[in-house]
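Notes follow once the structure below has been shown.
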Amino acid sequence: MEEIQIDSPFITLSQFLKYTNIFESGGFIKMYIQNEGVYVNDDLEFRRGKKLYDGDIIRLMSGETFIVKSTTVQ
């Protein structure tokens, strides 16, 4: 599981996926979320604007797993 550090209390799912550097562009991220979905804390999510908070676990269909770590937890 890879930690992704953010410097705000939350981040949207699409912004978070940009930080992972797995996808080539925002367009690919949009299509991936709409077509495949992303597991957020074991719930399948199709909303790009889903807010992620410190400690949330993100899992892609391909198996990559990430955890959100915020430096400004509120």
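The values are calculated or read from the model by the stated rules, or taken from the named source; none is laboratory data. Computed from a predicted model, the values in this text were never measured in an experiment. Cβ coordinates were reconstructed from backbone atoms using ideal geometry, including for glycine residues, and neighbour counts include every protein chain displayed. Only protein heavy atoms, including side chains, enter the accessible area calculation; ligands, DNA and RNA are left aside. Shrake-Rupley method; radii C 1.70, N 1.55, O 1.52, S 1.80 Å.
Residues in segment 13-37 that are farther than 20 Å from Ser70 by Cβ and in contact (Cβ under 8 Å) with a residue 12 or more places away in the chain: Ile22, Gly26, Ile29, Lys30, Tyr32, Ile33, Gln34, Glu36, Gly37.
Would you pick out the residues in segment 21-74 that are among the acidic types (Asp, Glu) and in a strand (DSSP E or B)? Passing the criteria: Asp43, Glu45. The number of residues in segment 38-68 that are open to solvent by 60 Å² or more (accessible area, probe 1.4 Å) and touching a residue at least 60 places away in the same chain (Cβ under 8 Å) comes to 1. Scanning segment 7-37 for residues that are among the aliphatic types (A, V, I, L, M) and open to solvent by 90 Å² or more (accessible area, probe 1.4 Å) yields a total of 1.
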